[in-house]
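A.B. asks: Questions regarding the structure given below will be posed in turn.
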Amino acid sequence: MRILIVKMTSMGDIVHAQPLATDLRRAFPDARIEWVVEKPFAPICSLNPAVDRVIPISWRRWRKKLLSRAVRAEMLAFHQELGSAPYDLAIDCQGLLKSAAVTRLAPAALRVGPAWAFAREPLDDIEDALLQGMLGVEVVIERPTVLDARVEHRRVLARAVHVDPVARRT
């Protein structure tokens with residue numbers, strides 16, 4: 001089984017998402033788990049023993065020079081690396097247009113991602129439905145209703161792929 005986690009930015013969010021990889025490893029010990037993350041944050045994901053491969057992306061730099069030939073070549077190389085082999089599961093942990101687009105680029109049998117109402121880029125209901133359909137998210141995660149949304153988001157994502165999150169150790 002091949003699993004792709006997409007959580008590209010915000011160091012704190014990336015740190016808080018690390019237990020998801022551990023949950024997935026516990027549930028699927030033989031899986032190959034890969035993580036797409038902005039290049040400056042790649043070392044964080046590399047430290048997680050549950051992550052087999054980190055795929056760095058430079059979206060923050062690329063978006064400033066999208067018309068540059070060099071940037072387009074880097075984007076093509078990223079797309080080819082991402083599509084080198086199909087994934088059984090791709091999980092968008094971020095819920096932004098950029099992470100949804102990356103999740104969509106990955107050849108995956110199943111894509112899981114948050115409802116756009118949960119994202120920092122909310123859309124109205126019609127746009128929401130159209131965009132989720134275009135991006136091919138098959139399992140939509142609703143907004144957590146507890147105060148610590150980071151922990152609940154992990155739990156909701158884990159349940160969406162039929163994984164019991166690892167209980168917090170005291």
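The values are calculated or read from the model by the stated rules, or taken from the named source; none is laboratory data. Treat the numbers as computed from the prediction; the structure is a model and nothing was measured. All Cβ positions, even for glycine, are placed from backbone atoms using ideal geometry, and neighbour counts span all protein chains on display.
A.B. asks: Which of (1) of a type outside the set (S, T, Y); (2) part of a loop (DSSP other than H, G, I, E, B); (3) modelled with pLDDT under 95 is the odd one out, the single condition H16 does not satisfy?
C.D. replies: Against the list (1) of a type outside the set (S, T, Y); (2) part of a loop (DSSP other than H, G, I, E, B); (3) modelled with pLDDT under 95, H16 comes up short only on (2).
A.B. asks: Could you tell me which residue of region 24-37 is farthest from the chain's Cα centre (by Cα), considering only residues that are buried (at least 19 other Cβ atoms within 10 Å of the Cβ) and not in a helix (DSSP H, G or I)?
C.D. replies: I33
A.B. asks: Still on this structure, please answer the following. Just need a number here: residues in region 59-78 that are out of contact with any strand residue (DSSP E or B) (no Cβ under 7 Å at 6 or more places or on another chain) and within 14 Å of W35 (Cα to Cα).
C.D. replies: 0
A.B. asks: When region 16-71 is examined, which residues are found to be in contact with an Asp or Glu (Cβ under 8 Å, 6 or more places away or on another chain) and free of Cβ contacts under 8 Å to residues at least 24 places away in the same chain?
C.D. replies: Across region 16-71, the qualifying residues are D52, R53, V54, P56, S58, W62.
Every residue, every condition in (1) modelled with pLDDT of 90 or more; (2) surrounded by 13 or more Cβ atoms within 10 Å (Cβ to Cβ); (3) part of a helix (DSSP H, G or I), yes or no:
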{"position": "A21", "(1), (2), (3)": "yes, yes, yes"}
{"position": "P43", "(1), (2), (3)": "yes, no, yes"}
{"position": "V51", "(1), (2), (3)": "yes, yes, no"}
{"position": "W62", "(1), (2), (3)": "yes, yes, yes"}
{"position": "R72", "(1), (2), (3)": "yes, yes, yes"}
{"position": "F78", "(1), (2), (3)": "yes, yes, yes"}
{"position": "L89", "(1), (2), (3)": "yes, yes, no"}
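A.B. asks: Does L67 count as assigned to a helix (DSSP H, G or I), more than 24 Å from V161 (Cα to Cα) and not acidic (D, E)?
C.D. replies: So L67 does not fit the description; no.
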